[in-house]
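S.K.: What follows is a single structure, and I will ask about it in a moment.
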């Protein structure tokens, strides 16, 4: 064991004197710090925007109170008053923004039909999607493997190429001890950096100190072990440094870009998602058709769903709000199956990705981070469901005013429901991903060990 | 099977590389304090012999022994007894000569003080001011001297040398010869592969001539002068 630590000590001396490696580690550290800054800044921006929404709602209420000081028909309020369904970021979101940049984190809602409002903000900035998020999870998942490759591509080959291996092996030490010490030293550097950045991000992002701290750190360590295992497997081939570097970069390219791109294509074909736009258009056609349908036909359909309002007065006027909101709601009902199918397909696609991510460890790890931070697709679908329930509660709140023809007074605003949703982390999914990751590490490291034992070491 | 009487021994040692038989059943015994010089052309099998004693390659048949232990089955243990100076000593370029020596000495199990390490380097002929410079700036001769210091500091019972004076100037080569004689007098068995007939005659107790993987002759240097040795060597080479 003493010789192991002697080798570690001299690895440190060699590392300290190697400007290239120092620059590589420093750049990764800076990238990590920027990732933390980016993540926390983005979450703060979202939180500020959400806080701004409350002010917007208050402002809107004050305007309506000023406009209708004596109260008015609740239909006017339902039409002109907007409120928001908000998806608060989990405290861990700054470490893994996931899909919070492409999926809306707030939805402006009025009493009108729901479905078109849900997807009004679905449009995304393609440039933003192209650039992606430069958060800590990006640095850990995509850049850390490059650091490990940079540190390990010549772990054994350099000893042969600079000619030090014969002198080294003429000492009473074994080749596995040399390789083990070199890997251990590099692991200490990389894990030290990964854990330091993670802890900094947790402190900076003020995360809830729950079981996810250990899970996150465990995933970071295992993921680094995976790439060390890949580097070890390639080193066990006992080829030259150029071969090792090209092979490792090829593996990186395959696992982080090629396989995810192919998975994306496969999943899109296997599990196509109907456009939310199509759903919205269909609903709009039903709603617009409502103007031309006999009011009795519309109201009978509505009362079939809400019999408690059947005893309300018959509509004789050319326009009344309760009729207007009834055919808006029937527009939602008409596309209910499509809306359910849309959400189910989203989740089915997510499930398919979860099954296939065993083919790409980086995709799996990104999924683990997103699940832990509540920034994945299921979280977004939960938010949509929560927004739907909120819209239901708004309707339930306004219907008595509309159907009993009760005047909506400024005091009634205080009783209006408000929405708040914070997605819960999907720890089960993260733990499943962790187990898969552990399996990947064991398989690759085991293959490296077998190859290392099987292949006769050439000293020169 | 233990052969305590010999520091180095080869018994029917063979090495086959695909279609080439590099070593054809070498039998050799070297006693403690003996300097055995192995002469031969390039590709004669000298380095193969050394690599077999070092355990860097495994014999096709037969066995090599260091201090009575079979090399192939006691890889780590035999390395406690031997030191090795290759033809071209390569060191860690980012470390100083002193740090390189400290590394290899500590791996060999010696915990020398910086002063002792410096003394070994100076005795090997490396100026003290060079010892604290990075090896990357060293000449081949300077690296060779660090290699010598590494070998001497290991206080090994067996010294394996593969063209060790390659890159050394005449003065340093002479000093190296003196050092070998001193180590020999202390009981160290030395096995040196070389092209240098005169150096072999000067320091060797015995000289072996290897030709196409075969030890064709073993001579006692006490019985012949340098010219006779040269003639014999050339005769074998042209045979």
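S.K.: When you go through B:72, B:63 one by one, which is the residue that is within 14 Å of another protein chain (Cβ to nearest Cβ) and either surrounded by 23 or more Cβ atoms within 10 Å (Cβ to Cβ) or out of contact with any helix residue (DSSP H, G or I) (no Cβ under 8 Å at 6 or more places or on another chain) (or both)?
M.R.: Being within 14 Å of another protein chain (Cβ to nearest Cβ) and either surrounded by 23 or more Cβ atoms within 10 Å (Cβ to Cβ) or out of contact with any helix residue (DSSP H, G or I) (no Cβ under 8 Å at 6 or more places or on another chain) (or both) holds for just one of B:72, B:63, which is B:72.
S.K.: Can you find, within the range B:146-176, the residue that is farthest from residue B:65 (Cα to Cα) among those that are in contact (Cβ under 8 Å) with a residue 12 or more places away in the chain and over 14 Å from the mean Cα position of the chain (by Cα)?
M.R.: Per the stated criteria, the residue is B:169.
S.K.: Under 30 Å from residue B:202 (Cβ atoms), away from chain A (no Cβ under 14 Å), outside any strand (DSSP E or B) and out of contact with any helix residue (DSSP H, G or I) (no Cβ under 7 Å at 6 or more places or on another chain): which single residue out of B:51, B:27, B:42 fits that description?
M.R.: Sole residue among the options that is under 30 Å from residue B:202 (Cβ atoms), away from chain A (no Cβ under 14 Å), outside any strand (DSSP E or B) and out of contact with any helix residue (DSSP H, G or I) (no Cβ under 7 Å at 6 or more places or on another chain): B:42.
S.K.: Can you report the number of residues in the range B:77-109 which are assigned to a helix (DSSP H, G or I) and more than 7 Å from chain A (Cβ to nearest Cβ)?
M.R.: Number satisfying all stated conditions: 8.
S.K.: All but one of (1) surrounded by 15 or more Cβ atoms within 10 Å (Cβ to Cβ); (2) over 15 Å from residue B:87 (Cα atoms) hold for residue B:164, so report the exception by its number.
M.R.: (2)
S.K.: Can you list the helices (runs of 4 or more DSSP H) found entirely within the range A:1-106 that contain at least 2 residues being out of contact with any strand residue (DSSP E or B) (no Cβ under 7 Å at 6 or more places or on another chain) and away from chain B (no Cβ under 14 Å)?
M.R.: A:19-67, A:74-80
S.K.: Moving on. Give the residue, chosen from B:34, B:9, B:5, that is at pLDDT below 90 and either surrounded by 17 or more Cβ atoms within 10 Å (Cβ to Cβ) or closer than 25 Å to residue B:156 by Cα (or both).
M.R.: So the residue among B:34, B:9, B:5 that is at pLDDT below 90 and either surrounded by 17 or more Cβ atoms within 10 Å (Cβ to Cβ) or closer than 25 Å to residue B:156 by Cα (or both) is B:5.
S.K.: From (1) under 20 Å from residue B:13 (Cβ atoms); (2) more than 8 Å from every other protein chain (Cβ to nearest Cβ), pick out the condition that doesn't hold for residue B:133.
M.R.: Tallying (1) under 20 Å from residue B:13 (Cβ atoms); (2) more than 8 Å from every other protein chain (Cβ to nearest Cβ), residue B:133 fails exactly one: (1).
S.K.: Please determine whether any residue of the range B:136-144 is within 16 Å of the chain's Cα centre (by Cα), closer than 25 Å to residue B:89 by Cβ and either assigned to a strand (DSSP E or B) or touching a residue at least 40 places away in the same chain (Cβ under 8 Å) (or both).
M.R.: Yes, the range B:136-144 contains at least one residue that is within 16 Å of the chain's Cα centre (by Cα), closer than 25 Å to residue B:89 by Cβ and either assigned to a strand (DSSP E or B) or touching a residue at least 40 places away in the same chain (Cβ under 8 Å) (or both).
S.K.: Conditions first: (1) away from chain B (no Cβ under 14 Å); (2) modelled with pLDDT under 95. Residue A:441 passes all but one, so which condition is the exception?
M.R.: The single condition residue A:441 does not satisfy is (2).
The values are calculated or read from the model by the stated rules, or taken from the named source; none is laboratory data. Being a predicted model, the structure only gives us computed values, none of them experimental. Don't worry about glycine lacking a Cβ; one is built from the backbone with ideal geometry, like all the others, and counts go over all protein chains shown.
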